[in-house]
């Protein structure tokens, strides 16, 4: 029985979560690639560890990938200028003036009324 067969459960667990490969070489099974979260990495490790002698069989480099660009976009901000309204900001930043409540809701820690914004305030843009 080869190592790929021996660790079939771990390889199956990795499918759909693991962007990489499990290659058998020189009597070892090399897992190399990335996952989206620590939870995915732990799930794969737990599957590997179901085989008692995994320490002698496995060489693993399982990394958690950095967050996607969507997470960086969530951190977008806008500094209010004189004459701005939430509707105008929503129109330029979100493409829809009617989405002003999305900006208001994202900034409830700063705003108490959607009609009362002040120049210099830094608003989070959802």
Report task. Could you check what % of the DSSP bridge pairs in region 3-64 are antiparallel, to the nearest 5? Result -> 50
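Take the Cα pairs of region 3-64, get the Kirkwood Rh, then feed it into Stokes-Einstein at 25 °C and 0.890 mPa s and tell me D in µm²/s.
Details: Rh = 11.3 Å.
This corresponds to a translational diffusion coefficient of 217 µm²/s.
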Query raised in the report: Considering the alpha-carbon set of the chain alone, what are its Rg and its Dmax in angstrom?
Result: 24.5, 74
Report summary line: Note on the chain, DSSP bridge orientation, antiparallel percent to nearest 5 equals 60
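Rounded, prolate or oblate: pick one for region 70-124, where a ≥ b ≥ c are the square roots of the eigenvalues of its C-alpha gyration tensor, a/c under 1.5 means rounded, and failing that, prolate if a/b is larger than b/c, else oblate.
Values: a/c = 1.42, a/b = 1.24, b/c = 1.15.
Verdict is rounded for region 70-124.
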Report task. Compute the acute angle (0 to 90°) between the alpha-carbon long axis of helix 38-48 and the principal axis of greatest extent of the alpha-carbon atoms of the chain; round to the nearest 10°. Result -> 10
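Each value in this text was obtained by applying a stated rule to the coordinates, not by laboratory testing. From a predicted model like this one, the values you see are computed outputs, not experimental measurements.
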